[in-house]
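Q: This is the structure I want to talk about, given as structure tokens.
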Amino acid sequence: MNLLGVQVTGNIASASGGGIYNYDSKYDVVETRMSVWAGNLPQNCRDKQDSDENTGDPDDEEQFPVDSKGQNFFSDDTCEADEDNDDSNPGDPGFNPDPQLEAPAFNGGMPGLLTQKPAIGSPLVDKVDPNNASQDPEDQVDVRGLPRGQNGTGFGAGLWDIGPFERDDAAPEFSSLPVPDATISVGSGQVNT
């Protein structure tokens, strides 16, 4: 199974694998890229205990429930993070496991679609270089059908966001405070506002 740009967050399982339980990861390969795995209890990824241990066969390496193909966000170390290509590494000092997602809401797309927009400052925003991302046309849009590569931070070039949602509203917002009624003098005349 290949998972591209999915979000698996906030799920709870009774014993193991709140995010995914891959019964036999040695044979059932789950590959993930540009996806969010966070806040699942008791852990994000799990497989049956027998396949977690090396059997002693030199060709038998430890198998993880999920095979990372890069640009993923993992909030714990139960999935196989690609230390060179993932944008989060639970083993790094100062790692923050919070993907900083807003509450589910209708943010556009098909009617009834509730999405979780990454908050401004989220570690998911503007992280994937489009040159290193999928070139398939259907992967060039987010879950709402909006183009990838929006400038979600408001700084620099617009990069792709990790997960199904592309933050697209980092443009500065302007507002003003109401001004009390006053008389303004313009030259020799006066204007009441």
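Only the coordinates and a few stated rules stand behind these numbers; no lab work does. Model, not experiment: these values are computed from the prediction. Here the Cβ is made from the backbone with ideal geometry for all residues, glycine too, and neighbour counts use every protein chain on show.
Q: Given 0.36 nm per residue, what is the gain on full extension from D129 to A105 after removing their alpha carbon distance, in nm? Spell out each step's value before the answer.
A: Details: separation 24, 0.36 × 24 = 8.64 nm, distance 2.72 nm.
Between D129 and A105, full extension yields an extra 5.9 nm.
Q: Per 0.36 nm of contour for each residue apart, how much would the distance between V141 and D98 grow if the chain were fully extended, relative to their Cα-Cα spacing? All intermediate terms of the calculation are to be shown ahead of the outcome.
A: Details: separation 43, 0.36 × 43 = 15.48 nm, distance 2.44 nm.
Extra length from V141 to D98 when fully extended: 13.0 nm.
Q: OK, next. By average Cβ neighbour count within 10 Å, what is the ranking of 139-148, 101-110 from highest down?
A: On the way: 139-148: 15.5, 101-110: 13.4.
The peptides rank, most packed first, as 139-148, 101-110.
Q: Which residues' amide hydrogens lie under 5 Å from the amide hydrogen of N22, considering only partners 5 or more residues apart or on another chain, with H built in the peptide plane?
A: Counting only residues 5 or more places away or on other chains, the set is R46, D47.
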